[in-house]
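This report concerns only the one structure given below.
The values are calculated or read from the model by the stated rules, or taken from the named source; none is laboratory data. Being a predicted model, the structure only gives us computed values, none of them experimental. Neighbour counts are summed over all protein chains in view; Cβ atoms, including those assigned to glycine, are modelled from backbone coordinates with ideal geometry. Heavy atoms of the whole protein, side chains included, go into the accessibility calculation; ligands, DNA and RNA do not. Shrake-Rupley method; radii C 1.70, N 1.55, O 1.52, S 1.80 Å.
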Amino acid sequence: MTSPALAALCLFFMNPISADESLSSIRQSVEAAISRIQSSKPPSVSSGRLQNGRLDHAAELPKPSGVGYRIIHPDRDTNFGADRMVFGLMRLGVVMHEKLGDEPHSQLHINEISDRDGGKQLRHINHQMGLDVDIVFYCTDLSGTPQRSRWVSFDERGLSEDGDLRFDAARNWIMIDAILSSETFRKIRSLLIADALKKQLLDHAMSLHEAAEGDKAERLREGIKRAMELLRQPASSPHDNHLHLSLQHE
């Protein structure tokens, strides 16, 4: 049953943000929404293992969309996760909204987290404890114009299978950097991505580092170092059509 607090939260996220609403007030509104979720239920509990897990007292990521994000399959009811996953995604959406705006092509496109109680899913080996989420890559057309994120694969050149889209290393790096900088996404287990796309991301980040100075250069250096450690291609799937964020089990 949906709690009154969660119902009110869903209404909040379904209402468009007025043009004159400041970024500060948007962030405050999202933090208030997170507080309402926290007060409406016990803390989440993730138990078991990656391929045999359970999720109790899940937090629900408001659907079909929120500040800076959109759930691409809201009908699947796989928008449940551990508190730190759901709250982290809500805060990540705010960061992306602040950096890129809230046009459809700037929003995070989130595929699936977990079922309400966790457990096995037809489409995933893991995603059982609310600690995993799939985020669709940002892309552009061949001229570099940002396009709405789509579930398409990119080859070693960063081109989609039909040749119409290009992997957007710049905006995907902004997303990766925001994830790595998040206080809520503590103890990241891995960021799964195809090796060729990882190289594009790191090449872009290193070019930013070369042009930066002082504290900005140092922060980029630390971010690149951590990205090199966490970004990896799994043996089971190349992950050339989405980023898989996995948090460590606590």
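Among the residues in segment 187-194, are any over 23 Å from I72 (Cα atoms), open to solvent by less than 50 Å² (accessible area, probe 1.4 Å), outside any loop (DSSP other than H, G, I, E, B) and in contact (Cβ under 8 Å) with a residue 60 or more places away in the chain? Steps first, please.
Residues of segment 187-194 that are over 23 Å from I72 (Cα atoms), as a first pass: 187-189.
The next check asks that each one be open to solvent by less than 50 Å² (accessible area, probe 1.4 Å); those that pass are 188.
Adding the requirement that they be outside any loop (DSSP other than H, G, I, E, B) leaves 188.
After this cut, where a residue has to be in contact (Cβ under 8 Å) with a residue 60 or more places away in the chain as well, the list is 188.
Yes, some residue in segment 187-194 is over 23 Å from I72 (Cα atoms), open to solvent by less than 50 Å² (accessible area, probe 1.4 Å), outside any loop (DSSP other than H, G, I, E, B) and in contact (Cβ under 8 Å) with a residue 60 or more places away in the chain.
Of the strands (runs of 3 or more DSSP E) that lie entirely inside segment 26-93, those containing 1 or more residues that are on the phi > 0 side of the Ramachandran plot span 45-49. Taking the condition closer than 30 Å to G53 by Cα, surrounded by 20 or more Cβ atoms within 10 Å (Cβ to Cβ), modelled with pLDDT of 95 or more and among the aliphatic types (A, V, I, L, M), does I113 pass? Yes; evaluated as a whole, the condition is true for this residue. If you take the residues of segment 222-250 that are among the aliphatic types (A, V, I, L, M) and open to solvent by 60 Å² or more (accessible area, probe 1.4 Å), which of them is nearest to the chain's Cα centre (by Cα)? It comes out as M228.
I'd like the full set of residues that are farther than 22 Å from Q233 by Cβ, more than 14 Å from the chain's Cα centre (by Cα) and in contact (Cβ under 8 Å) with a residue 60 or more places away in the chain, limited to segment 124-163.
Going through segment 124-163, the residues farther than 22 Å from Q233 by Cβ turn out to be 129-130, 140-148, 162-163.
Next, only the ones that are more than 14 Å from the chain's Cα centre (by Cα) stay: 129, 140-148, 162-163.
Passing the criteria: only M129.
Take segment 68-85 and flag every residue that is over 12 Å from D132 (Cβ atoms) and crowded, with 24+ Cβ neighbours inside 10 Å. Listed by number, the residues that qualify are G68, Y69, N79.
The set of residues in segment 207-221 that are in a helix (DSSP H, G or I) and either open to solvent by less than 80 Å² (accessible area, probe 1.4 Å) or in contact with a Ser or Thr (Cβ under 7 Å, 6 or more places away or on another chain) (or both) comprises S207, L208, H209, G214, A217, L220.
Checking the condition assigned to a helix (DSSP H, G or I), touching a residue at least 40 places away in the same chain (Cβ under 8 Å), open to solvent by less than 100 Å² (accessible area, probe 1.4 Å) and among the aliphatic types (A, V, I, L, M), which residue from L201, L197 passes?
Numbers: L201 fails: touching a residue at least 40 places away in the same chain (Cβ under 8 Å).
Just one listed residue meets the conditions, L197.
Taking the numbered list (1) modelled with pLDDT of 95 or more; (2) open to solvent by less than 10 Å² (accessible area, probe 1.4 Å) in turn, R157 passes all entries but (2).
Go over the candidates D102, D177 one by one and state the one that is open to solvent by 10 Å² or more (accessible area, probe 1.4 Å), closer than 22 Å to L61 by Cα, out of contact with any strand residue (DSSP E or B) (no Cβ under 7 Å at 6 or more places or on another chain) and at pLDDT 95 or above.
Working: D102 fails: at pLDDT 95 or above.
On inspection, the qualifying residue turns out to be D177.
Filtering segment 116-151 to residues that are touching a helix residue (DSSP H, G or I) at 6+ places or on another chain (Cβ under 6 Å) and surrounded by fewer than 22 Cβ atoms within 10 Å (Cβ to Cβ) leaves P146, Q147, R148.
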